[in-house]
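The values are calculated or read from the model by the stated rules, or taken from the named source; none is laboratory data. All values reported here derive from a predicted model rather than from experimental measurement. Backbone-built Cβ (ideal geometry, glycine too); neighbour counts: all protein chains shown. Calculation scope for accessible area: heavy atoms of the full protein, side chains included, ligands and nucleic acids excluded. Shrake-Rupley method; radii C 1.70, N 1.55, O 1.52, S 1.80 Å.
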Amino acid sequence: MTLRSVVETRADLKKGFKDVKMVIAEQLSSDNKETREMIQESLNSKSKDIIDAIKRLGRQIGRDSSSPGNSSSKKGPVDAASRNAERLAEVRQKLMLQGCYDFSSQQAIQQSQRLKTIVRGTFRWIFRDENCKSVMTTSELPAFLWISGDPGMGKTALAAKLIDYAQRKLTKDAGTSLAYFFFGDDHGDCVNDVKSMIGTCVMQVATDDIDYRKAVLQSEIAPEPGTDDQQENGVVRAFGEVFSRIYHRDSKKRLILVLDDVDAMEATDSGEGAERVKQIKEILSNIHDTGARIVVLFTSSPSFLSDSDGDISRRYILLDKPRLEKDMLRIAIDTSKASPRLSRLGDVMIRKIGNAITNKADNLTYIKHMIRRLNDLGREKPIRAELKKLPESSAQVFELMLAHSAKHRDKKSLKTLKILFAWLAFAKSRLTLGMATSLIEVIGSDGQVDIEDELESRSANLLRLLQTSDSSSNSDGEDEDSAPSDSDESHGDPQQTTVVTSPRIDSATSPGLVTATSPGLVDATSPGIAGAISPGMDSPTPPGEKAQEAKEDDDDDEEEETYQATLLAFQDSSLRSFFRETDHDESSESGEYQLRSSPVTANILIVQSIADILRKLGGKTPDFKLSVADLYLTSYAANYWVDHLLSLQAEKLTLAQCREVIKSVYIVLTDIYAIRALERMVGYRVLYKASQTIFAVENEQEIGNVLEQISTLARRAEYTVNDAPPVEMAEWLHEVGRRPWSVFLTIGSNHAKNWAQNALSPESRWPKTSFMLAHAAMIYAKDEFATLPPEVKTYCDAFDMANPTFTKESVDMVSRAFPNSWGGGDEDRLSRRLLSEAIALMSQANGPGIGEFDEGLTRAMAGLDYATDDFERCELLFWVSTALIELAIKIVPDAVGTEDDVANQAKRREMLNKVIATSETAEALLLRMLAGPEISLERQRKLNVASETVSYMVSNRIRAGVMLGEVEDALRLAAQIVQAGNPFEFYWSDTFDLLVETKRWPEVIRLVAFLKPETQEWIVTSSDMDHVLEAASRSGLREELFKVLSQVRKHNSFEPGDGDDWDLSIAELRFHLDVKGDFSTVRNTAQEALQRRENFNKDGMFDELTTIQPFLSRSLIEAFRHETKVEAKRAAFDDLKALLDRLSIEGGAGNYDQAASALRIPLALMARKLESGASYQAWLDESFHTCLGELRDNILWNDIPSLRSLAKVLAAAPGGNMFQRDVRIATACQFYNLTTTTSNSATAEPDEASAPKVVPAGGSEAGNKPDPKKDAMDIAEGGRECDICMQLIEFPKVVSWMCLYCPDVDICQQCWERKFGPEAGKDEKLAANGETDHWKITRMCDKTHPRIRTMSLEEGWVGVKDGVLKIQGEPDVSFSEWLEAVETKWKSAWVGFWSEEMVHLDDK
């Protein structure tokens, strides 16, 4: 389950986690700002204030995987498709660790959308071009085709056309793979780099080519030592070498690589564009030099290569007007015919329009905009007048559009729009619609500029919206038009139909940007996702919110998520290029404010607006809530303000420009709210990197570059007495101009103030963030302090930023370096300081944490003596409670009964009793605070924080009671808290986990029974249900759990068939099957749930059918087996057949589905009993030939499920023991890769390669010492897991068993003997006492089910090598030959079956 689906379905965590996706996506999109360690470590960070919510989130994420309908919960790879997905996930993870992210699904969407916009009949000349034909057909590889052209000339359309041709024509060859990547700006700069291209292309090829996938997984990919650029170059080079290794000059494979707009990166203005273009050239050169069998088709501007680039530039197509004139005319005419008003003018007038526009057009963009303009005019007379004065170029078209947009605006709205356009043109990543709206609110347009209005009317010709999901609107690239597309036309082959979508890219394995695939987080099940949660959000809403409020939250969040999934952009890339022109002269335009900016002015405007963003949004507290859009915008400001600052050449700015910039920098670096915003956005990286600062750069050298830029600006501002800034700013400028590193004095002081201020925050992570940033500022400013205690200076000199070690001394030094940061009187300052120090000392987040609970406890206790109010006392008591319970947990018992053990246990009991006493004190304080004076907004905020703090302490108190063995009293107290309506809550998850860990099964059920129905619903529909079912089964409290399920259904007013109703139905099915074993109830419940769901859901039922199939099929099979009446057996048979039919229909034609395939065997056996031998044969015959077809095709992923099905088909076939050996061979073959490699046989002499070889008893062909490399079998990736012990089955050392009825059950030999052999009874006694690992051992796969197994080593099995079966003492037989022999025996078996005097009726 993705994070998005969790958020959409779980209302009680909506508020707390709705912004997580945004923060993750934004941080990952800023990959030039973070290393892979930042991403990886941020995933593992924790926070005490949200730990309960995180656990609940993790359970919710796991709930789908925990249901029996999802086999991934009970074992690893359940079939070849899931095994495939797992290997691809490993490839994606390997890429992500190197910052190479997979955007293949986005690229597939881009391809589909671009193909739809191509006008029918255009660009056909490309397939007649000699250079193109030569590249596509040559056997002399590598081959390169360079297509160049200015912006708007159709490079991207041509690339899409070539990709489509390769997909339809060239990849039919099993040895040909395709990879492609669109650079440009339609998907934002976050995707617009070489590492994203590498990640995407690697995943595209790995999806199709198993050899390449293996090579990636086996390769050692690691950054090279050195600078960040050197490390990145090393990663790019390493992945490139993997391509060259697989597609080497002697390989029979080839790769077609299509790269569009490869030098678009140079226009990103991020300071890295030129380096990235250089990387692309190096990749192309490497392909050329290694002689790899790769065809590279790439597009760029004409200046990308020169004649000196040799073969890479030898085959060259220039897109200019002479080459494209016919296409331009067709586009102009067809687009006119497709325009609603122009289409009424008649063919003659449309032809005239087409000719006139084509004559003037300098690119395809010109045509698009002019057709739109003429369509707005609508009537023939004004159109004829317009045709006489057409603009001379697309630049003039853009100027007309800007002039139209600027009409009737005042100066303030013009400036606002100018800032917005500057962001759209020069921002380092794309703006969402929500971000743009928030930006306009921050810079203060007073409602005069409204984004919706601009999109609909005033700037409709300039702006457009892009979606970041599959539902996106057509993505207008440089080649877009509204004419009939070419998507239904075959290029050069009228008999063919173009496939618009990309069949070679599986969206399920290629997550897009914002989904939780995106990199690192793209897997939302990653622990510690709280580390990326931004401050300013509500605290996690505990289960118990009313349904109406939850529904309102759902609606609001759905609207906001849609708002944030929409990107705002210029109409096309050439318009963006027009805004980015470096030679733009603003002085030539009339008026004070115009809509275009030079690069210098644009970056100044962005820096100024960033200062406003950080100051204004940083001042918002959790009471006012930062919206998702605010968080996106603040995150961008925090990550990129330095980039925009460094984009300016300080020496070349005018005096006025210097003053504008330095004023904004002053705000960013000195305003307490701006510092707070920066802390919140970049601070999570501090949790593991001691050198991190708010400058968000990688090392001290880069910090120095930033400070030098700031110092230069401060010196050049040259304020005089008459125009002097405020005194504080003047002093700051004076110091920074002389001593750049003195910036950290003010920064560090503000961090220390936030450290103190955040001590009373409900988000305890932020005090540590502030402390760590203050610590880094202290180190960097060690030589800038006017006075610094000697011990602090000594500490700073000795501290190693590269290998940091934080101790209580670190806390003391920061407190002494910034002694005036605590505010208030002496006692207030001391208590706040002690509290802040205690939090820092007890921090345990991943990275440079301290975790000194003893010292933290001491300071928190000392702080209580100086606390100035009850709010502060509550917070201090919380940290006392936290320290005590953590210290109690860490006490490791010695040998029982020893003197040390007695002392340790006494100390542990003392600590836990203090936890209880501390909680009682805090509860009394909270009640006293609630009875205080009239509540103000600020007091209410504090009470909310105190209530949450006390709730955690109460939960610690109950957990302490359980740890003391006072379980009854602890649970009684918890029940009272839940039921009495106290001002605090019971956070149940830690207590639940503790009871499960200590195997107190009856208490687990009792705990769940008294929780609120909303919480119960959460538990039974999450992965916690596994533990609850086990507890009910082991304790015998089945009826108590049934009451819980009934209470949840009664309390929640589900709409029949909605998501909540469906989830609860699955929970009920799990109870009736796994705990009660009531097959009749399972059958009825499953059918009723399906009916309700079908009435509710009109979009198809395949997922639901796949989920419920294990429950329904098991109940129907058991009904058939145990019912005595023929009518009942017939009903079970018909229902199972109907389920198979529905799975086949919903799954779609041609889609292999293992769930459906697994039903055919029991149906065949039922038919033999219930119907006739002919029906029995028909069922098995269809399954048999389906298996043969799938094993003989070129598709790899279906081999393993087909082998499993074949083994079962043969076991169910007539003929007695005729197929017993083949059944075991088929079952054994599922553990091997059956693809034949050519490395050995291709080079052998014909007689040598074809001669059968006999493997002697020793296993080695020579009969002497075995050669490990030569004798190694082709073991398939992943293997199988035993469903009882959950361990990997080490075949062939261990025999593996399968059930003939159950669709996907694997049991190792040891567990088979325990479950079905002589030890089975003993094992069930152990299970009843809770002494086995897997509690469902008595429920899974009934004892009476028939089973089949693999061939064993004792029977001579050796393995599969190069597609050849090897059995000791027998000649080698290829897998295909064995299949032919089985097919022959199959025919003989049915001849024998029908020749018998009577049909054999015994169970198979």
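Quick look at the values:
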{"quantity": "Test result for Glu718, surrounded by fewer than 21 Cβ atoms within 10 Å (Cβ to Cβ), of a type outside the set (S, T, N, Q) and either at negative phi or free of Cβ contacts under 8 Å to residues at least 12 places away in the same chain (or both)", "calculated": "no"}
{"quantity": "Breaking point among (1) under 26 Å from Lys914 (Cβ atoms); (2) open to solvent by 10 Å² or more (accessible area, probe 1.4 Å); (3) in contact with a helix residue (DSSP H, G or I) (Cβ under 6 Å, 6 or more places away or on another chain); (4) of a type outside the set (Phe, Trp, Tyr), for Glu948", "calculated": "(3)"}
{"quantity": "Some residue of region 73-80 being outside any loop (DSSP other than H, G, I, E, B) and either modelled with pLDDT of 70 or more or closer than 30 Å to Pro1303 by Cβ (or both)", "calculated": "yes"}
{"quantity": "Enumeration of residues in region 1206-1221 that are under 13 Å from Arg1349 (Cα atoms) and open to solvent by 10 Å² or more (accessible area, probe 1.4 Å)", "calculated": "Lys1208, Ala1211, Gln1220, Arg1221"}
{"quantity": "Residue count, region 989-1018 (criterion: in contact (Cβ under 8 Å) with a residue 40 or more places away in the chain, open to solvent by less than 30 Å² (accessible area, probe 1.4 Å) and farther than 19 Å from Val967 by Cα)", "calculated": "3"}
{"quantity": "Set Asp488, Asp470, Asp479, Asp446: member being on the phi > 0 side of the Ramachandran plot and modelled with pLDDT under 85", "calculated": "Asp446"}
{"quantity": "Matching entry among Leu255, Leu259, Leu284, Leu297 (being at pLDDT 85 or above, open to solvent by less than 50 Å² (accessible area, probe 1.4 Å) and part of a helix (DSSP H, G or I))", "calculated": "Leu284"}
{"quantity": "Unique residue being surrounded by fewer than 21 Cβ atoms within 10 Å (Cβ to Cβ), under 15 Å from Val295 (Cα atoms) and out of contact with any Leu (no Cβ under 8 Å at 6 or more places or on another chain) when the list is Lys172, Lys133", "calculated": "Lys133"}
{"quantity": "Any hit, region 871-888, residues being under 17 Å from Ile839 (Cβ atoms) and open to solvent by 70 Å² or more (accessible area, probe 1.4 Å)", "calculated": "yes"}
{"quantity": "Residues located in region 1110-1143, provided they are open to solvent by less than 10 Å² (accessible area, probe 1.4 Å) and polar (S, T, N, Q)", "calculated": "Ser1113, Ser1115"}
{"quantity": "Enumeration of residues in region 1076-1120 that are over 35 Å from the mean Cα position of the chain (by Cα) and touching a residue at least 60 places away in the same chain (Cβ under 8 Å)", "calculated": "Gly1077, Ile1117, Glu1118"}
{"quantity": "Inter-residue pairs, beta-carbon under 8 Å, first without any contact (Cβ under 8 Å) to a residue 24 or more places away in the chain and in region 350-372, second small (Gly, Ala, Ser) and surrounded by fewer than 24 Cβ atoms within 10 Å (Cβ to Cβ), 6+ apart", "calculated": "Ile350/Ser343"}
{"quantity": "Where a residue in region 792-817 is assigned to a loop (DSSP other than H, G, I, E, B) and its partner, wherever it lies, is among the β-branched types (Val, Ile, Thr) and modelled with pLDDT under 85, with Cβ under 9 Å and at least six apart", "calculated": "Phe799/Thr805; Phe806/Ile850; Thr807/Ile850"}
{"quantity": "Helices (runs of 4 or more DSSP H) wholly inside region 1217-1328 that include at least 3 residues being modelled with pLDDT under 85", "calculated": "1246-1250, 1268-1271, 1309-1316, 1320-1328"}
{"quantity": "Residue count, region 312-335 (criterion: loosely packed, with under 12 Cβ neighbours inside 10 Å and under 27 Å from Ala179 (Cα atoms))", "calculated": "0"}
{"quantity": "Exclusive hit being of a type in the set (A, V, I, L, M, F, W, C), surrounded by 15 or more Cβ atoms within 10 Å (Cβ to Cβ), more than 42 Å from the chain's Cα centre (by Cα) and farther than 17 Å from Pro382 by Cβ, set Ala338, Ala361, Ala356", "calculated": "Ala361"}
